Amino acid sequence: MDIESPEKLIELLDRHAYLADEGLATAAFLALRMGRPLFLEGEAGVGKTELAKTLAALLKAPLIRLQCYEGLDAAQALYDWDFARQLLHLKAAEAAGITDVSRLEGEIYDRRFLIARPLLKAIETQPSVLLVDEIDRADDEFEAFLLEVLSDFTISIPELGTVKAGTPPVVVVTSNRTREVHDALKRRCLYHWLEHPGFDREVAILLRRLPGCTETLAVQVARAAERLRQADLVKPPGVAETLDWTEALLTLGAKELDPDRAAATLGAALKYREDVAAVIGNGLLSHG
Amino acid sequence: MDELAATMTGFARTLRAAGVAADHERTQNLLRALDHLDVTDQGEVYWAGRLTLCATPDDLPRYDRCFDAYFGGRKAVLSRAATTSVTRHLAERQDDGESGDDDGTPAPATASRIEVLRHRDVARLTEAERAEVHRMLALLKGGRARRRSRRFESAHRGRLDQRRTIRDALRKGEVARLRHRRHTTRPRPVVMFVDVSGSMAPYAETLLRFAHALVRSEPRATRVYSVGTRLTPITAELRHRDPGTALNEVSKVIPDWSGGTRLGEELKEYLARFSARGAIALIASDGWERGDPELLGTQLARLARQAYRVIWVNPHKGYADYQPLTGGMRAALPYLDDLVAGHSLAAFEQLSERLAHA
């Protein structure tokens, strides 16, 4: 797909109900054009993961997701051999009296016994969008390994050979910044810090994403969200939470944000008991 | 070099002077990015630079300032933050009258002498004695308790090692023996917070040297922050092999020597940005909290939920009659796994021993 400018990309993303500003659109545009991974950093719920999903939708490419966690290793990220089937094959060969080792080896390390994990899958699927989600949760050793894969989009499998991507996947790496990610990895990528949206943009997002939402409700929820983000909370709500919250209100048939309904649905926006208590205790929902 | 490349290289240089890591590779990325954009559009140039040259949220305000300055037609005038030298800072401290020897005369290091020094409060030592204690600290073998990692090594028992079993079977022509593997281990991370406020001044240097020893022994599993009125990461500075150089580098980045302590707010900032999951959190402070003790309590509660252990190192704990009565200490106590002394070489040796077996 030919996307000629960042403005054009804003328009395309908008068609998929994702409202990007100039910075994010330029970042994604350059990632597509330059074939570079896009490193998105920002607080939870600002729409990092959502961007990858939307890019996949608009490029009509499958989204392949690698969710990072502590202890994630190469076998879980790249590929693994299907041990059970390999053994069965060996047993069958044994029964048939086949003893030619090199022949057996060739058979066992065949592509059909290989289980592709997300990175290999992304390299083999074209086009594809690879989402490396929450890289800050993986161990730092994993970064060096990821850097290698993202540098030349090649995976070498000792028993099988090298797999290289014809067209590299579009890569989005996200981080919530719970840990500093190594600079070498960031240097490979385009770096974008994603902020919470401003008031107007948030209203627009609510209206764009939730068809039943009235302008009054969107304005009131966005204003409340803004106040919640300024209040001293453990986990201020992101856009994802405001969307959930509004959806909860809509489900209850709310046309406006009245204090009772707001309190009843607050759990959709705030995920810590302390936060809910603080907000209700300080009457943060009652004005406006 | 064409004009655009020259302009952009100059801009990157300006950024580097302002503390943004806009190195050569990043500058090349910027030029590549501009191939795809409209270079006459100020907005597109702004974003191309920001996306390729910046690497942390802290870079962004600097980037904005430099961009305005550079492309506004004037070169940015950059002032480096005034640096304080830790040695100068510590030299200004009044020496305690109780200390025995004359300053500056290096005493011979004998075993018995070191044994005596080992148990003395570092705040009550002469410069020469303290230097000796610091030399001993640098030699501290900071082992670290290990925890299970997700990686494997081959072993006699444990989980089935599928790859090896298959390899063996191939070689022998039959599945003769199952091979096993087990998890390797990795050092348990430590996050240390060193209070550099006024009341901690007599201990700050020693604590930082202890932190240096921790970083040197497990560079990848130790993170250190100075706390006072601001949370400042100092791990990178402490990575220098030489403790003197490391401390000097640390002194350049800590902006709040000898101020008050707002540990609650700083822990909150830490927890908002980073995580202490699975780590041993070491807080080195006397607990003279200037902020709200209640806030300190709630933040420590959060820290305790994340961390493997929370250990508070208090220099005054070394005295038999010490009671944790300050507001900060009282608020913190319910959430601590341990409150230990941190006033003498012996105390640090014990702490180090603890970390090796925690």
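The values are calculated or read from the model by the stated rules, or taken from the named source; none is laboratory data. Here the structure is a predicted model, which is why all the values come from computation and not from measurement. Quick reminder, even Gly has a Cβ in these numbers, built from the backbone with ideal geometry, and neighbours come from all protein chains shown. Heavy atoms of the whole protein, side chains included, go into the accessibility calculation; ligands, DNA and RNA do not. Shrake-Rupley method; radii C 1.70, N 1.55, O 1.52, S 1.80 Å.
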Query raised in the report: Only one of A:Arg65, A:Arg33 is among the basic types (Lys, Arg), in the same structural domain as A:Thr178 (by the TED database) and over 18 Å from the mean Cα position of the chain (by Cα); which?
Result: A:Arg33
Query raised in the report: What are the residues in segment B:156-166 that are modelled with pLDDT of 80 or more and open to solvent by less than 90 Å² (accessible area, probe 1.4 Å), if any?
Result: B:Leu160, B:Asp161, B:Gln162, B:Thr165, B:Ile166
Query raised in the report: Is it true that A:Phe39 is modelled with pLDDT of 95 or more, over 19 Å from A:Leu147 (Cβ atoms) and of a type in the set (Phe, Trp, Tyr)?
Result: no
Query raised in the report: Of the residues that make up segment B:252-266, is at least one away from every other protein chain (no Cβ under 14 Å), among the aromatic types (Phe, Trp, Tyr) and open to solvent by 10 Å² or more (accessible area, probe 1.4 Å)?
Result: yes
Report summary line: Of the residues in segment A:55-95 that are closer than 23 Å to A:Val173 by Cα and basic (Lys, Arg), the one that is farthest from the other protein chains (Cβ to nearest Cβ) is A:Lys60
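Filter segment A:96-119 for residues that are part of a helix (DSSP H, G or I), open to solvent by 60 Å² or more (accessible area, probe 1.4 Å) and within 13 Å of chain B (Cβ to nearest Cβ) and give the result.
A:Ser102, A:Arg103, A:Glu105
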Query - Extreme residue, surrounded by the most Cβ atoms within 10 Å (Cβ to Cβ), among residues of segment A:9-25 that are touching a residue at least 40 places away in the same chain (Cβ under 8 Å) and of a type in the set (D, E, K, R) - result: A:Asp14
Query raised in the report: What single numbered condition from (1) away from every other protein chain (no Cβ under 14 Å); (2) of a type in the set (D, E, K, R); (3) buried (at least 19 other Cβ atoms within 10 Å of the Cβ) fails to hold for B:Arg135?
Result: (3)
Query raised in the report: For the subset of segment B:15-30 comprising residues that are in a helix (DSSP H, G or I) and surrounded by 19 or more Cβ atoms within 10 Å (Cβ to Cβ), which member is farthest from the other protein chains (Cβ to nearest Cβ)?
Result: B:Leu15
Query raised in the report: How many residues does segment B:112-123 contain that are at pLDDT 80 or above and over 14 Å from B:Ala346 (Cβ atoms)?
Result: 1
**Report entry** Sole exception among (1) open to solvent by less than 10 Å² (accessible area, probe 1.4 Å); (2) at the interface with chain A (Cβ under 8 Å from one of its Cβ atoms) for B:Arg50, by number
**Finding:** (1)
Query raised in the report: If we scan segment A:172-187, do we find a residue that is more than 14 Å from every other protein chain (Cβ to nearest Cβ) and closer than 24 Å to A:Phe39 by Cβ?
Result: yes
Query raised in the report: Within segment A:32-59, how many residues turn out to be surrounded by fewer than 24 Cβ atoms within 10 Å (Cβ to Cβ) and part of a helix (DSSP H, G or I)?
Result: 11
Report summary line: A careful count of residues in segment A:250-274 that are part of a loop (DSSP other than H, G, I, E, B) and either of a type in the set (Gly, Ala, Ser) or in contact with a helix residue (DSSP H, G or I) (Cβ under 8 Å, 6 or more places away or on another chain) (or both) gives 9
Report task. Answer yes if at least one residue in segment B:138-150 is of a type in the set (Lys, Arg), at pLDDT below 75, open to solvent by 100 Å² or more (accessible area, probe 1.4 Å) and in contact with a strand residue (DSSP E or B) (Cβ under 6 Å, 6 or more places away or on another chain), and no otherwise. Result -> yes
Query - Residue that is crowded, with 19+ Cβ neighbours inside 10 Å and either basic (Lys, Arg) or closer than 30 Å to A:His16 by Cβ (or both), where the choices are A:Ala248, A:Ala268, A:Ala240, A:Ala254 - result: A:Ala254
Requested in this report: Would you please list the contacts, defined by Cβ atoms under 9 Å and residues six or more apart or on different chains, that run from a residue in segment B:214-231 that is within 18 Å of A:Glu141 (Cβ to Cβ) and within 13 Å of chain A (Cβ to nearest Cβ) to a residue that is open to solvent by 10 Å² or more (accessible area, probe 1.4 Å) and assigned to a helix (DSSP H, G or I)?
Outcome: B:Pro219/B:Thr235; B:Arg220/A:Asp140; B:Arg220/A:Glu141; B:Thr222/B:Arg216; B:Thr222/B:Thr235; B:Arg223/B:Thr235
Query - Single residue of segment A:188-205 satisfying the filter (among the charged types (D, E, K, R) and open to solvent by 40 Å² or more (accessible area, probe 1.4 Å)) that is farthest from the other protein chains (Cβ to nearest Cβ) - result: A:Asp200
**Report entry** Qualifying residue in segment B:215-224 (condition: in a strand (DSSP E or B) and open to solvent by 10 Å² or more (accessible area, probe 1.4 Å))
**Finding:** yes
Query raised in the report: For segment B:53-65, which residues satisfy the criterion of being open to solvent by less than 10 Å² (accessible area, probe 1.4 Å) and either within 17 Å of B:Leu4 (Cα to Cα) or outside any helix (DSSP H, G or I) (or both)?
Result: B:Leu53, B:Cys54, B:Ala55
Query raised in the report: Checking B:Leu170 against (1) out of contact with any strand residue (DSSP E or B) (no Cβ under 9 Å at 6 or more places or on another chain); (2) open to solvent by 70 Å² or more (accessible area, probe 1.4 Å); (3) assigned to a helix (DSSP H, G or I), which test does it fail?
Result: (2)
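Here are B:Leu271, B:Leu303: which of them is within 11 Å of another protein chain (Cβ to nearest Cβ) and open to solvent by less than 20 Å² (accessible area, probe 1.4 Å)?
Matching residue, one of B:Leu271, B:Leu303: B:Leu271.
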Requested in this report: Only one of these is in the same structural domain as A:Pro127 (by the TED database), open to solvent by less than 60 Å² (accessible area, probe 1.4 Å), hydrophobic (A, V, I, L, M, F, W, C) and at pLDDT 95 or above: A:Val181, A:Val172. Name it.
Outcome: A:Val172
Report task. Quick one: count up the residues across segment B:317-358 that are touching a Lys or Arg at 6+ places or on another chain (Cβ under 7 Å) and open to solvent by 50 Å² or more (accessible area, probe 1.4 Å). Result -> 1
Report task. Considering (1) within 14 Å of chain B (Cβ to nearest Cβ); (2) surrounded by 14 or more Cβ atoms within 10 Å (Cβ to Cβ); (3) over 24 Å from A:Gly42 (Cβ atoms), say which one A:Arg273 fails and leave the rest. Result -> (2)
Query - Qualifying positions in segment B:180-207 - within 23 Å of B:Leu271 (Cα to Cα) and open to solvent by 10 Å² or more (accessible area, probe 1.4 Å) - result: B:Pro187, B:Arg188, B:Pro189
